[in-house]
Amino acid sequence: MCCIRRLAVLPPAEEVSDAALLDRFITARDEQAFTALVKRHGAMVLQACWRILGNGAHAEDAFQATFLVLARKAAAVQPREALAAWLYGVARRVALKTRAARIRYHETGPLLEVPADRRADPLAELSARELLTIIDEEVQRLPERYRLPLILCCLNGRSLEEAARQLGWTAGSVKGRLERGRARLHDRLVRRGLTLSAALAAVEVSRATASAAVLAGLVIRTIPDALAFGAGQGMVTSVSTSAAALAGRVVKAMALPRLAMAAALVLTTAALGAGIALHSKSPEPAARAQDSSPRADLAALQEPIQHPPGPFGDPSDVPIDVRGQVLDPHGKPLAGAELYVGYSVRRFVSRAMPENALAGPEPYPRRVTTGADGRFQFRFATSELDPRVLDDARPAVMAIAAGYGPEWAEIGRSAVGELKLQLVDDLPVSGRVLDPDRRPVAGAKLVVQAIYSASADELTRFLKGDKDGWAPRCWKGPLPGNAPTIMTDADGRWRCGGLGRDRIVAFALDGPRLPRTFLKVASRPGEEAFPVSHVHGPAFDYLAPRVRTLRGAVRDQATHNPIAGVTVSIRPGNATVRAGPDGQFEILDYFNEVGYGLVAQAEDGQGYFAGQACVREQAGAAELTQDLFLVRGIALSGRVTNHSTGKPPKAAMVEYYPLSSNQHSRRISCANMIPASTAAVHPDGSYSLVVLPGPGVIGVVASPREDYAVADVMNKEWAECMQQQRALGSRYKSSELDPCVSIAMGLGQPGALHINKYHALALINPPEEAQSRALDLPLRTAQTLQGTVLGRHRPSASVMMVGAFPGSGGPTANR
């Protein structure tokens, strides 16, 4: 009866992940789970053995030995999701050990070999096996998060969906890591004179060498003895004696590292107890030569079998399981509600959404729809989200349904508990957009920037102007399931529903002859406006102020030739345009009694510093003109990567500032804390910008900020820099918690740069005659600090922790 009950509740093995099957085998010695794993990965293991040993009895022995080892050492597979890579590594080790034994025997006696297929070309077979051996070597050298999808999809022939199900990842994570892994493997193969296409073609050919009949027979013969071997019982002898002996040697080899570690710990403890300080220096690991000789094989066998590291080298790749229930405003389960993953902040958005962020017809893909009981369950990873938005937001799950206002919940980076998302009653908001002469503006666009939710009392106090304690929950970005933009009709009217009652919504407004404007609207009935808090009511007319045009051209300082493609923005203000092919630009802004500041920033690779110019007010003038002149500099390029993983950040910017002692800074005109030059880091980690001769500082800000540690300035080079700045009489104070350096802001004007907002920093001092320079900038992974706050020896709740948060530019607080 127990067996029947278990079979009734367990899903089919082909629908279960490797980790779940492995857990079932470890905890209950489930024969069906073990059989499913052998069938699932048997072809991969046999092919890995054949590539080293050839298609014969030796490869079959290595196959059987590999699964005997799994039956005995299943609990050693950590993490469970990495089973495929673990089996792949064990199979290669077992095959290499077998080949080494054959080589030793060949030195004193004949080398027995299964007769080869007379129809095959021995030279062609040898070349193919050499190629496949190279592929195996290079795949084995890849980081685990790339190796796993390559093994499953490229070497084992699994589809993206099958690989995702076996690994317990999302299909998007598998696809992204597979593409990055293929790119890395291609680079490695090119260095060895091969191409990825030829390699994958050879893999496809090799996959056909192990017939289904041979593999099925091996599986049937292997499973009974593997289960007995794993349980420490007498074997059925369906496997060969050599396979059983080989598995026993491998199991002993796997125990050696643990015994060595335990012995070292005992010796170290004894030495410390005796007051003896032990110092040891490990030699730097030398690069291994690409040697396919027997000596190289034997040397490789001296290494213990290593358990692969976790497949999630990046915390954002860890899958998050989300489950819960959606309720209607009356607390009843709601069927057909849609679930989305987006972003949440706990305060007003400090800046607009990054340019092009959340662009496209569906910025948030629908994850799942609730069933008849209102329940839902799905999985995602934060690597699927925009890292730039995550700088000041956290992942959140939102539920929406027609006729209701949405509800959302902030989630962390691990599995969350049961979510209860209760939707609210809706109150659509609407309005008209009018030009300064009160004529309707057709074709204006409104985009939801954020939705704020608070209690009714908190919202009332805020709308009356009391902002003390105002900390609403905030959904950042457009409303999921709706069109990203709302267009005004011929009468300038617009309407937006599905936002919820008693909410504040932030809109961005753009339109013909309208500079970008931000509006806040309260979905509270009975009020036309809330003038104290500068919030509009649920139905209102927006009367646009009068605007004026600023025209000009962006030119080279030395030649006065036009520069195309330069971004021109206005300060203060929100308008940004791009210079045309002739360098001309035209920008709109509201009338300003004190004038305007224009800033020009060149694109990556154009070779210019940023430039700035002031436009003086001319009373009553509808148009103002001002040209911008940019200066060329020394080209600086390099790569930004994680020091530990070698992986580029998902998004990052590189900035350059000249130090205050740099006399060449008078050549450039940027000011107001604008970097002298900036560059976005490309997907491969490369960047390119320009610098001045003389002393300067290069900084990297990576996204998401919390993934990376703050730049290390506790070294001799930075200590000397700070000492020189003090000697020059810098007026800007610097402390260990908030270090800053004195910089030149343009035209020789001084400024202070707070350097704790950067994840990587470097001091440079190129000579005046330099044409170009190269500089790589390493990042460090941030470490999480955890602890308990005690009040009179008891844990205290609701205590605010304040500290320097990596990349925040200053202190941050967490409760």
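Of (1) at pLDDT below 70; (2) part of a helix (DSSP H, G or I); (3) surrounded by 16 or more Cβ atoms within 10 Å (Cβ to Cβ), Ala213 satisfies all except one. Which?
Going through (1) at pLDDT below 70; (2) part of a helix (DSSP H, G or I); (3) surrounded by 16 or more Cβ atoms within 10 Å (Cβ to Cβ) one by one, Ala213 breaks only (3).
Within segment 565-588, which residues are touching a residue at least 40 places away in the same chain (Cβ under 8 Å) and part of a loop (DSSP other than H, G, I, E, B)?
If the condition is that a residue be touching a residue at least 40 places away in the same chain (Cβ under 8 Å) and part of a loop (DSSP other than H, G, I, E, B), then Gly565, Val566, Gly573, Asn574, Ala575 are the ones that fit.
I'd like the full set of residues that are modelled with pLDDT under 90 and either open to solvent by less than 60 Å² (accessible area, probe 1.4 Å) or small (Gly, Ala, Ser) (or both), limited to segment 526-544. Walk me through it before giving the result.
First pass over segment 526-544, keeping only residues modelled with pLDDT under 90: 526-534.
Once the filter is applied, which keeps residues that are modelled with pLDDT under 90 and either open to solvent by less than 60 Å² (accessible area, probe 1.4 Å) or small (Gly, Ala, Ser) (or both), segment 526-544 yields Gly526, Ala529, Phe530, Ser533.
So the check is Cβ under 7 Å with 6+ separation or different chains; which pairs have a first residue in segment 493-520 that's polar (S, T, N, Q) and a second one that's surrounded by 18 or more Cβ atoms within 10 Å (Cβ to Cβ)?
Matching pairs, first to second residue: Thr517/Leu509.
Scan segment 589-604 and give yes if some residue there is part of a loop (DSSP other than H, G, I, E, B) and surrounded by 20 or more Cβ atoms within 10 Å (Cβ to Cβ), otherwise no.
Going residue by residue through segment 589-604, those that are part of a loop (DSSP other than H, G, I, E, B) are 591-595, 602-604.
Keeping just the survivors that are surrounded by 20 or more Cβ atoms within 10 Å (Cβ to Cβ) gives 602.
Looking through segment 589-604, at least one residue is part of a loop (DSSP other than H, G, I, E, B) and surrounded by 20 or more Cβ atoms within 10 Å (Cβ to Cβ).
Can you pull out the residues in segment 596-617 that are charged (D, E, K, R) and either more than 17 Å from Ile570 (Cα to Cα) or under 31 Å from the mean Cα position of the chain (by Cα) (or both)? Full working, then the answer.
From segment 596-617, those charged (D, E, K, R) are 603-604, 616-617; that's our starting set.
Correct list: Glu603, Asp604.
With the requirement that a residue be over 20 Å from Lys650 (Cα atoms) and at pLDDT 65 or above, what does segment 297-327 give you?
Asp321, Val322, Arg323, Gly324, Gln325, Val326, Leu327
Taking segment 761-775, which residues are of a type in the set (S, T, N, Q) and part of a loop (DSSP other than H, G, I, E, B)?
Residues of segment 761-775 that are of a type in the set (S, T, N, Q), as a first pass: 765, 771-772.
Scanning segment 761-775 gives Asn765, Gln771.
Got a number for residues in segment 426-460 being within 28 Å of Arg323 (Cα to Cα), of a type outside the set (A, V, I, L, M) and not in a loop (DSSP other than H, G, I, E, B)?
Count: 3.
Does segment 46-57 contain any residue that is assigned to a helix (DSSP H, G or I) and without any contact (Cβ under 8 Å) to a residue 40 or more places away in the chain?
Initial filter on segment 46-57 (assigned to a helix (DSSP H, G or I)): 46-53, 57.
Filter again for without any contact (Cβ under 8 Å) to a residue 40 or more places away in the chain, leaving none.
Taking every residue of segment 46-57 in turn, none turns out to be assigned to a helix (DSSP H, G or I) and without any contact (Cβ under 8 Å) to a residue 40 or more places away in the chain.
So which residues in segment 328-377 are at pLDDT 70 or above, more than 22 Å from the chain's Cα centre (by Cα) and among the polar types (S, T, N, Q)?
Listed by number, the residues that qualify are Thr369, Thr370, Gln377.
For segment 740-760, which positions are buried (at least 19 other Cβ atoms within 10 Å of the Cβ) and assigned to a strand (DSSP E or B)?
Val741, Ser742, Ile743, Ala744, Leu753, Ala760
Please specify each residue of segment 524-549 satisfying the condition of being assigned to a strand (DSSP E or B) and closer than 21 Å to Ala444 by Cα.
First, pick out the residues of segment 524-549 that are assigned to a strand (DSSP E or B): 529-530, 535-536, 539-543, 547-549.
Hits for segment 524-549 are Val535, His536, Ala539, Phe540, Asp541, Tyr542, Leu543, Val547, Arg548, Thr549.
Residue by residue through segment 442-470, note down the ones that are farther than 27 Å from Ala399 by Cα and either basic (Lys, Arg) or crowded, with 20+ Cβ neighbours inside 10 Å (or both).
Ala444, Arg461, Lys464, Lys467
Tally up the residues in segment 58-97 that are more than 28 Å from the chain's Cα centre (by Cα) and either farther than 13 Å from Leu37 by Cα or of a type outside the set (Gly, Ala, Ser) (or both), please. Step through it out loud before you land on a result.
To start, the set of residues in segment 58-97 that are more than 28 Å from the chain's Cα centre (by Cα) comprises 58-76, 90-97.
Now restrict to residues that are either farther than 13 Å from Leu37 by Cα or of a type outside the set (Gly, Ala, Ser) (or both): 58-70, 72-73, 75-76, 90-97.
Qualifying residue count, segment 58-97: 25.
Are there strands (runs of 3 or more DSSP E) fully within segment 617-683 with at least 2 residues that are hydroxyl-bearing (Ser, Thr, Tyr)? List them. It would help to see each step written out before you state the result.
Working: elements: 623-625, 628-630, 634-642, 651-658, 677-680.
Correct list: 634-642, 651-658, 677-680.
Please state which of the following conditions Gln612 fails to meet, knowing it meets all the rest: (1) assigned to a loop (DSSP other than H, G, I, E, B); (2) of a type in the set (S, T, N, Q); (3) more than 29 Å from Trp494 (Cβ to Cβ).
All conditions pass for Gln612, except number (1).
If Pro562 passes every condition in (1) free of Cβ contacts under 8 Å to residues at least 24 places away in the same chain; (2) within 28 Å of Ala444 (Cβ to Cβ) but one, which one does it miss?
(2)
Sort out which residues of segment 686-722 are open to solvent by 30 Å² or more (accessible area, probe 1.4 Å), part of a loop (DSSP other than H, G, I, E, B) and more than 20 Å from Asp776 (Cβ to Cβ), and write them in order of number.
Answer for segment 686-722, where residues must be open to solvent by 30 Å² or more (accessible area, probe 1.4 Å), part of a loop (DSSP other than H, G, I, E, B) and more than 20 Å from Asp776 (Cβ to Cβ): just Met714.
Yes or no: Pro648 modelled with pLDDT of 90 or more, surrounded by fewer than 16 Cβ atoms within 10 Å (Cβ to Cβ) and of a type outside the set (S, T, N, Q)?
Working: modelled with pLDDT of 90 or more: yes; surrounded by fewer than 16 Cβ atoms within 10 Å (Cβ to Cβ): no; of a type outside the set (S, T, N, Q): yes.
When the stated conditions are applied, Pro648 does not pass them.
Within segment 170-181, is even one residue under 30 Å from the mean Cα position of the chain (by Cα), over 24 Å from Leu96 (Cβ atoms), at pLDDT 75 or above and not in a helix (DSSP H, G or I)? Outline the logic, then answer.
Here is the first cut: in segment 170-181, the ones under 30 Å from the mean Cα position of the chain (by Cα) are 170-181.
Keeping just the survivors that are over 24 Å from Leu96 (Cβ atoms) gives 170-180.
With at pLDDT 75 or above added as a condition, the list becomes 170-180.
Narrowing the set further to residues that are not in a helix (DSSP H, G or I) leaves 170.
Yes, segment 170-181 has at least one match.
The values are calculated or read from the model by the stated rules, or taken from the named source; none is laboratory data. Every value quoted in this text rests on a predicted model; they were computed, and no experiment measured them. As a convention, Cβ positions derive from the backbone with ideal geometry for all residues, glycine included, and neighbour counts pool all protein chains shown. Ligands, DNA and RNA are excluded from the accessible area calculation, which covers all protein heavy atoms including side chains. Shrake-Rupley method; radii C 1.70, N 1.55, O 1.52, S 1.80 Å.
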